[in-house]
Amino acid sequence: MYEKRDWLGILFFGAAILILLYMFISPLTNTIINIDEYWTYSLVNLPFMEGMTVAIHDVHPPLYYWILYLFTPFGLGNLYLLKVVSIIPYILIMVVSATKIREDYGWLTAGLFVFCLGVMTDFFMEFLTIRMYSWGLFFLLMVFIYYKDVITRWDKKSWVLLTLFTLLSVSTQYFLALTCGLVYLLILAEILTEHKDKIRQFAKSVLALIVLYAPWGIVFIHQIQTHANDAKEGFELVNVIHYFTAFAIKSQNFRLDMVIFKIIAIIFLIFILVLIYKKKDKFSAAGVFLMYATLAIGILSLMSSFTNSMRVRYLVPVFGIFWLSASIVIGKIKDYKVLAIALVLVLLLAGASLAITNEDINSRLTFNEKKASFLDGINNNDSVIVYNTDYGYKVLHNDLNNTSKQYTLSDSYFYSGDVEVCKDFDKILKENPDKNIYLVNWKLKESNKKFEDNYNLTKVYDADHYSFNLVKI
């Protein structure tokens, strides 16, 4: 019986290897997926100290940017290389799955887990996005794995590795501090109820994290203060319904097919919870708890914070914890009929997720083609670009490097030599009487209305987050 289960797990692992290989040749490896990638691309192509100056004013920890800078000798300006850096965590997870997870739980769990990480929800997209979420996924998974080792072995090695990967997690993405904090609360609860003699080890780990993270903690406080007055995005409570099933289905609409897929996801979740109850699997139960507790606390904290917004990509790392938990309890099923039901549900969700991802890829590629066509059309000596935000400059200036001049109306960040800081818009107009002047308006900025009221603007391109407006003198 278990030989067949092993072969089934190896089959899933083989499918994951094919997914990995496709990542290297996907069209996404040669194109920008979202505007935050432009931000990353601009930052890491600055000299290291200047890039860190920009990072300090951002809303993320520095570790991911440091990882990218490690690749400077290999040609950091290469978009494909930067994409590969985001694929590396999937490779590392596959290595961990083929070794530690396989040794602890068998091939079925190991293979099913890496397969689900390749196809479910937003995983595939994040492994090809130049952002920190795939690295956050890897580090947080290691926190979860060594959380299990700590509460079962209580040995020094497990504590050291738990502390190390917790530090790496919160140095990659602030949002992961929620999940890591919950992990430590679970350990504390275990200690207070059954292992009170381990409290000193717990205190040492917490103290080490405080001491090691304290230097960047000062920067974190600065970042909060800097962005406290930023424009806030509204939050719709109906999105909670979408987040509840986002571990498999990331779509946030109520099309009939999506509703059906979400119902299947809920059925699968109930199935997993029943298995956890029957198997008395505290570790997998902790994984489900961590996912939904992080989601609940995250929504409440972000709604009251300076961002006031939630993104599915913030949750990608905790979704990884859920899929490891689900794979573990599925791997323990002895009844082949029950196992068949579990795998059918997984394949249904995988098929739905792949269809959604494919639709997303095609949509992004089409959008990028239209955007590139527009930018190419104005990227010439007859054009002058004026950014009303520093973010707009960081995102777009590399694609407009052949224009006559680039100006920014904001001076809150470091700028390279291809832009002039000038807060006097009328002065810019007078200096370029024979040029086509394009004002890049960034959404959610109150300054937009001032330009719309005082100048004759014609919107010539709208990219959702920003728009190009031709200024008529």
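The values are calculated or read from the model by the stated rules, or taken from the named source; none is laboratory data. Predicted, not measured: the structure shown is a model, and the values here were computed from it. Note: ideal-geometry Cβ built from the backbone for every residue, glycine included; neighbour counts use all protein chains shown. Ligands, DNA and RNA are stripped out before the accessible areas are found, and what is left, the full protein with its side chains, is counted by its heavy atoms. Shrake-Rupley method; radii C 1.70, N 1.55, O 1.52, S 1.80 Å.
For the reader, a short list of remarks on this structure follows.
- Residue check for Gly298: closer than 21 Å to Leu112 by Cβ and among the small types (Gly, Ala, Ser): no
- Members of the range 393-424 that are modelled with pLDDT of 80 or more and among the small types (Gly, Ala, Ser): Ser404
- Test: residue in the range 110-121 that is out of contact with any Pro (no Cβ under 8 Å at 6 or more places or on another chain), part of a helix (DSSP H, G or I), within 24 Å of Val395 (Cβ to Cβ) and open to solvent by 10 Å² or more (accessible area, probe 1.4 Å): no
- Residue check: Ser169 meets all listed conditions (1) at pLDDT below 90; (2) polar (S, T, N, Q); (3) part of a helix (DSSP H, G or I) but one, namely (1).
- Scanning the range 7-29 for residues that are closer than 30 Å to His57 by Cα and touching a helix residue (DSSP H, G or I) at 6+ places or on another chain (Cβ under 6 Å) gives a single hit, Thr29.
- Qualifying residue in the range 328-351 (condition: among the hydroxyl-bearing types (Ser, Thr, Tyr) and closer than 24 Å to Leu182 by Cα): no
- Asn358 vs. criteria touching an Asp or Glu at 6+ places or on another chain (Cβ under 9 Å) and open to solvent by 60 Å² or more (accessible area, probe 1.4 Å): no
- Members of the range 253-275 found to be open to solvent by 60 Å² or more (accessible area, probe 1.4 Å) and outside any helix (DSSP H, G or I), listed by number: Phe254, Arg255
- Any hit, the range 151-159, residues being part of a helix (DSSP H, G or I), of a type in the set (A, V, I, L, M, F, W, C), more than 26 Å from the chain's Cα centre (by Cα) and surrounded by fewer than 18 Cβ atoms within 10 Å (Cβ to Cβ): no
- Residue match in the range 24-32 (condition: touching a residue at least 40 places away in the same chain (Cβ under 8 Å), open to solvent by 10 Å² or more (accessible area, probe 1.4 Å) and within 20 Å of Leu168 (Cα to Cα)): no
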